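Participant: Here it is: the structure, laid out below.
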Amino acid sequence: MSLIEIMVALLILMVAFIGLIQSFPFSQTIVKTAENSTKASSLAQNELERLLALNYDNIPTGAIEAKQRLAADPANYLYYFQRQTTVSYLDGNWQDSVSDTGLKKISITVYYTNSISKKENSYGISALASQR
């Protein structure tokens, strides 16, 4: 092999290696976005289960939790998540009602920042609670 061939081979390896190295930060961003989405769904599910564990009459209606941070300390991972919880009565046509019809709709939305677009994303979950 000549010196030129070795230099060309090294150049090709360096270009491939640099391309590979540049993919790592982007893949970490994708993983962080997936992690935040998973945490948001878990935070919503936990709050939903907490409310469904209450007796029907003990589930308050209206805005249970206004959109707010889940932690005040920036060192806590919950600081980067906000949650909003509302409970409303439903009528026989699945529409909101002002009077108690024996059916409540619990809606929970968790907000978080997308690591790629830096825009706010949300995860929402709803469930029904009925009188027994």
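The values are calculated or read from the model by the stated rules, or taken from the named source; none is laboratory data. For clarity, every value in this text was computed on a predicted model and none was experimentally measured. Using ideal geometry, Cβ is built from the backbone for each residue, glycine included, and neighbour counts are taken over all protein chains shown.
Participant: Could you please find all residues in the stretch 123-132 being assigned to a strand (DSSP E or B) and surrounded by 11 or more Cβ atoms within 10 Å (Cβ to Cβ)? Lay out the reasoning, then the answer.
Facilitator: Restricting attention to the stretch 123-132, the residues satisfying the condition of being assigned to a strand (DSSP E or B) are 123-130.
Those that are assigned to a strand (DSSP E or B) and surrounded by 11 or more Cβ atoms within 10 Å (Cβ to Cβ): Tyr123, Gly124, Ile125, Ser126, Ala127, Leu128, Ala129.
Participant: Which one is nearest to Ile125 (Cα to Cα), of the residues in the stretch 67-107 that are of a type in the set (D, E, K, R) and more than 26 Å from the chain's Cα centre (by Cα)? It would help to see each step written out before you state the result.
Facilitator: Going through the stretch 67-107, the residues of a type in the set (D, E, K, R) turn out to be 67, 69, 73, 83, 91, 96, 100, 104-105.
Of the ones still in play, those that are also more than 26 Å from the chain's Cα centre (by Cα) are 91, 100.
Working: Asp91: 20, Asp100: 22 Å.
Residue satisfying both the conditions and the ranking: Asp91.
Participant: For Thr33, state whether it is surrounded by fewer than 14 Cβ atoms within 10 Å (Cβ to Cβ), among the polar types (S, T, N, Q) and assigned to a helix (DSSP H, G or I).
Facilitator: Details: surrounded by fewer than 14 Cβ atoms within 10 Å (Cβ to Cβ): no; among the polar types (S, T, N, Q): yes; assigned to a helix (DSSP H, G or I): yes.
When the stated conditions are applied, Thr33 does not pass them.
Participant: Kindly check whether there is at least one residue in the stretch 4-18 that is on the phi < 0 side of the Ramachandran plot and under 30 Å from the mean Cα position of the chain (by Cα).
Facilitator: So in the stretch 4-18, the residues on the phi < 0 side of the Ramachandran plot come out as 4-18.
Checking which are under 30 Å from the mean Cα position of the chain (by Cα) leaves us with none.
No, the stretch 4-18 has no match at all.
Participant: Is there a residue being among the β-branched types (Val, Ile, Thr), at negative phi and modelled with pLDDT under 90 anywhere in the stretch 91-98? Steps first, answer last, please.
Facilitator: Start the filter on the stretch 91-98 by keeping residues that are among the β-branched types (Val, Ile, Thr), which leaves 98.
When the remaining residues are screened for being at negative phi, the result is 98.
Among the residues that remain, those that are also modelled with pLDDT under 90 are: none.
No: zero hits.
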